[in-house]
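The structure appears right after this line, and notes come after that.
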Amino acid sequence: MTAPRWLDDEPWLRQLLHALLDGLEKPRTRDVTRRIKRSTTPALFAFGEDTEYRWQLIERLADDHGLFEIRYDRRLAPHQERYDNAQLRLRADAEPLLREWLERPRINPVDAEWHAAVGNHGGIFQDGGAALLDTKPGLPDRSPEEMVAAFANLPTLLGQDLTLRELSARAFHGDSKFLDHRADLLARLFGDRASAIPARPLLLTAWAPAGFQQLLIVENQDSFLRLVEHPPADTALLYSGGFRASAARLNSEHTRFAYLPGSDAGYFQRHWLDPNHAASFWGDLDYAGLSILAALRQSLPHLRAWQPGYQPMLRALLDGNGHTPEQARKQGQTDPGQTGCDYADQQLLPALREAGRFLDQEGFQSE
């Protein structure tokens, strides 16, 4: 609905409507109202002018356009105008029309705070702070100004050979993980300076006999240590620490190994990625475990699900054993669809989908 043409000729009335809209944008616990008094609406008390016509315009806004309700004061003296001390109560559904007429789109208060904060520090950022406005990265109980100021302080720490976790803990109130998965944000804010942040080493635990012929990656610590006590023949064991080893940097220069006693570290370093050595993975029989398998195959394309470990788990699942995702708080797990391993894709995943239950590897020994 377009605004009445006469509204442009009545600046006092537009001012009144702006005042009602101002009330909407303030914190409140009740309806927005406006009393008609000489102090609030002097145009209706300029009796040398056509005040009766002006009041008729307000009535038209109420009756024809439904902007507000009018509640008259019944205690007026005979000499008072009938609209003296009347109350305008803005209708709850009138806001969109009022904003359209006054050309005042809704402004999210949080957005306004972020814009103001970036304006205070924008010169520090390569993109003027646009990346912060796009993402609004926040922490509980921290204002936009505090968050932007923390990012603005990062250049004083860049170049000090600090890892991302160290930078995060120092800049964001001790939260070392806040900057995880925000590399793109830092690149937009700081350009090449962000790319100079040293990669955080991936630390993995291995047990590697000399001359091993195959590699077995194990998801969980207890199962890994149990296998170290009774290892499969000619097999090196690597503890993946859940999803930790499934990172794309598994075979990068930043991967570090801690070796259990009895390991031949030199032989392991030279041969653990050798595609001529068989490579297997054993973890939980659930969607997360097989997602780890799929992710690890990005670094080790020849990796397969370890049948001696999964076979007894599969039989138990087919026999009706296992826990529901809700029982183990695994509702958020996502079916990986395909892992690239025939055994996992043709036997393990179909069984999981059919059963609707999962099994953890700690309850099983390999065959």
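Among the residues of the stretch 310-325, write down those that are open to solvent by 30 Å² or more (accessible area, probe 1.4 Å) and in contact (Cβ under 8 Å) with a residue 40 or more places away in the chain.
GLN311
Taking the stretch 53-101 on its own, how many of its residues are assigned to a strand (DSSP E or B) and within 19 Å of GLU10 (Cα to Cα)? If you could, list the steps in order and put the result at the bottom.
Step one: list which residues in the stretch 53-101 are assigned to a strand (DSSP E or B), which gives 68-71, 87-90.
With within 19 Å of GLU10 (Cα to Cα) added as a condition, the list becomes 68, 88.
Summing the residues that are assigned to a strand (DSSP E or B) and within 19 Å of GLU10 (Cα to Cα) in the stretch 53-101 gives 2.
Within the group LEU132, LEU189, LEU179, which residue is part of a loop (DSSP other than H, G, I, E, B) and open to solvent by less than 40 Å² (accessible area, probe 1.4 Å)?
On the way: LEU132 fails: part of a loop (DSSP other than H, G, I, E, B); LEU189 fails: part of a loop (DSSP other than H, G, I, E, B).
Unique residue meeting the criteria: LEU179.
For the stretch 325-346, name all the residues that are more than 13 Å from ASP284 (Cα to Cα), assigned to a loop (DSSP other than H, G, I, E, B) and in contact with a strand residue (DSSP E or B) (Cβ under 8 Å, 6 or more places away or on another chain). Even if it seems obvious, please write down each step before you answer.
So in the stretch 325-346, the residues more than 13 Å from ASP284 (Cα to Cα) come out as 326-327, 329, 331-332, 334-343, 345-346.
The next check asks that each one be assigned to a loop (DSSP other than H, G, I, E, B); those that pass are 326-327, 329, 331-332, 334-341.
THR339, CYS341 - these are the residues of the stretch 325-346 that are more than 13 Å from ASP284 (Cα to Cα), assigned to a loop (DSSP other than H, G, I, E, B) and in contact with a strand residue (DSSP E or B) (Cβ under 8 Å, 6 or more places away or on another chain).
Has the stretch 14-35 got any residue that is free of Cβ contacts under 8 Å to residues at least 60 places away in the same chain, open to solvent by 60 Å² or more (accessible area, probe 1.4 Å) and farther than 30 Å from GLU113 by Cα?
Checking the stretch 14-35: at least one residue is free of Cβ contacts under 8 Å to residues at least 60 places away in the same chain, open to solvent by 60 Å² or more (accessible area, probe 1.4 Å) and farther than 30 Å from GLU113 by Cα.
List pairs: first in the stretch 49-63 and closer than 14 Å to LEU16 by Cβ, second of a type in the set (S, T, N, Q), Cβ under 9 Å, 6+ apart or cross-chain?
Once the first residue is closer than 14 Å to LEU16 by Cβ and sits in the stretch 49-63, its partners that are of a type in the set (S, T, N, Q) give ARG54/THR41; ILE58/THR41.
Which ones in the stretch 141-167 are under 19 Å from ALA131 (Cβ atoms), among the small types (Gly, Ala, Ser) and either at pLDDT below 90 or assigned to a helix (DSSP H, G or I) (or both)?
The answer is ALA149, ALA150, ALA152.
Restricting the search to the stretch 43-72, which residues are open to solvent by less than 80 Å² (accessible area, probe 1.4 Å) and under 29 Å from ILE107 (Cβ atoms)?
Correct list: ALA43, LEU57, ILE58, LEU61, ALA62, HIS65, GLY66, LEU67, PHE68, GLU69, ILE70.
If a residue must be touching a residue at least 24 places away in the same chain (Cβ under 8 Å) and surrounded by 16 or more Cβ atoms within 10 Å (Cβ to Cβ), how many such residues does the stretch 326-346 contain?
8
The values are calculated or read from the model by the stated rules, or taken from the named source; none is laboratory data. A quick note: this is a predicted structure, and the numbers were derived from the prediction, not measured. As a convention, Cβ positions derive from the backbone with ideal geometry for all residues, glycine included, and neighbour counts pool all protein chains shown. Please note that ligands, DNA and RNA were not included when accessible areas were found on the heavy atoms of the full protein model with its side chains. Shrake-Rupley method; radii C 1.70, N 1.55, O 1.52, S 1.80 Å.
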